[in-house]
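S.K.: Got a structure here, written out as structure tokens. Questions coming.
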Amino acid sequence: MSQVVLMLEDNADRLTRFSRVLREAWPQLTLHHWRDAAEMIRECPPYLSDCVLICLDHDLDPIPTPDCFSRDAGDGLQVAKFLAAAKPTCPILIHSSNGDGARRMLGEFELACCQACTILPLGEDWIEIYWRRNVTSLLTGT
């Protein structure tokens with residue numbers, strides 16, 4: 001299996017930008033993403049042994065359903081609690097404008113002694129500049 005990056009992200013534009021940055025800078029990595037917390041919790045365990053980075057958002061928009069309603073997509077804290085219990089060995093980068101939610105997620109990882117940090121999504125090019133810089137540091141250890 002190839003080295004993977006796991007991501008919880010519900011915004012299609014941001015996901016396209018994350019994917020582009022990863023492809024350009026680290027073409028050898030495979031991105032697996034989810035927009036639903038419960039689905040990520042259910043589906044990500046087989047990838048954890050090959051995971052080099054986990055990126056998590058906190059707030060997730062409801063998911064539209066065919067009957068014109070929507071269902072709750074959960075939030076990043078649910079995934080953080082699950083992952084903290086699984087004790088992944090790769091770094092975790094939390095990208096959320098919800099400061100309180102991001103701090104709670106970070107706290108889960110700190111209690112589990114997992115390497116985690118946060119980045120605020122500020123500015124129009126935060127993914128291309130700040131997120132990329134943080135990912136580079138986490139992947140290279142510099």
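The values are calculated or read from the model by the stated rules, or taken from the named source; none is laboratory data. Note that this is a predicted model, so its numbers are computed, not measured. Note: ideal-geometry Cβ built from the backbone for every residue, glycine included; neighbour counts use all protein chains shown.
Condition check ((1) at pLDDT below 95; (2) small (Gly, Ala, Ser); (3) touching a helix residue (DSSP H, G or I) at 6+ places or on another chain (Cβ under 6 Å); (4) surrounded by 15 or more Cβ atoms within 10 Å (Cβ to Cβ)) across all residues:
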site	(1), (2), (3), (4)
Met1	yes, no, yes, no
Glu9	no, no, yes, yes
Ala25	no, yes, no, no
Cys44	no, no, no, yes
Ser49	no, yes, no, no
His58	no, no, yes, yes
Leu77	no, no, yes, yes
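S.K.: Among the listed residues Arg35, Arg17, which satisfies the condition of being over 28 Å from Ala85 (Cα atoms) and either small (Gly, Ala, Ser) or surrounded by 15 or more Cβ atoms within 10 Å (Cβ to Cβ) (or both)?
M.R.: So the residue among Arg35, Arg17 that is over 28 Å from Ala85 (Cα atoms) and either small (Gly, Ala, Ser) or surrounded by 15 or more Cβ atoms within 10 Å (Cβ to Cβ) (or both) is Arg17.
S.K.: Where the second residue is polar (S, T, N, Q) and part of a helix (DSSP H, G or I) and the first is closer than 21 Å to Val5 by Cβ and lies in segment 80-108, which pairs have Cβ atoms under 8 Å and are six or more apart or on separate chains?
M.R.: Every condition considered, the pairs that remain are Leu93/Asn134.
S.K.: Which residues, counting only those in segment 83-140, are in contact with a Gly (Cβ under 9 Å, 6 or more places away or on another chain), part of a loop (DSSP other than H, G, I, E, B) and either under 14 Å from Val21 (Cβ atoms) or hydrophobic (A, V, I, L, M, F, W, C) (or both)?
M.R.: Of everything in segment 83-140, just one residue is in contact with a Gly (Cβ under 9 Å, 6 or more places away or on another chain), part of a loop (DSSP other than H, G, I, E, B) and either under 14 Å from Val21 (Cβ atoms) or hydrophobic (A, V, I, L, M, F, W, C) (or both), namely Leu120.
S.K.: What pairs can you find where one residue is in segment 122-142 and under 17 Å from Leu29 (Cβ atoms) and touching a residue at least 40 places away in the same chain (Cβ under 8 Å), the other is among the hydroxyl-bearing types (Ser, Thr, Tyr) and not in a helix (DSSP H, G or I), and their Cβ atoms are less than 9 Å apart, with a gap of 6+ or different chains?
M.R.: Pairs that qualify, where the first residue is under 17 Å from Leu29 (Cβ atoms) and touching a residue at least 40 places away in the same chain (Cβ under 8 Å) and the partner is among the hydroxyl-bearing types (Ser, Thr, Tyr) and not in a helix (DSSP H, G or I), are Thr136/Thr142.
S.K.: Between Phe82, Phe69, which is surrounded by 15 or more Cβ atoms within 10 Å (Cβ to Cβ), aromatic (Phe, Trp, Tyr) and more than 18 Å from Leu15 (Cα to Cα)?
M.R.: Answer to the selection: Phe82.
S.K.: Quickly run through segment 71-127 and pick out the residues that are within 15 Å of the chain's Cα centre (by Cα) and acidic (Asp, Glu).
M.R.: The answer is Asp75, Glu108.
S.K.: Which condition does His32 not pass, out of (1) closer than 23 Å to Pro64 by Cα; (2) out of contact with any helix residue (DSSP H, G or I) (no Cβ under 8 Å at 6 or more places or on another chain); (3) outside any helix (DSSP H, G or I); (4) not polar (S, T, N, Q), if it passes all the others?
M.R.: (2)
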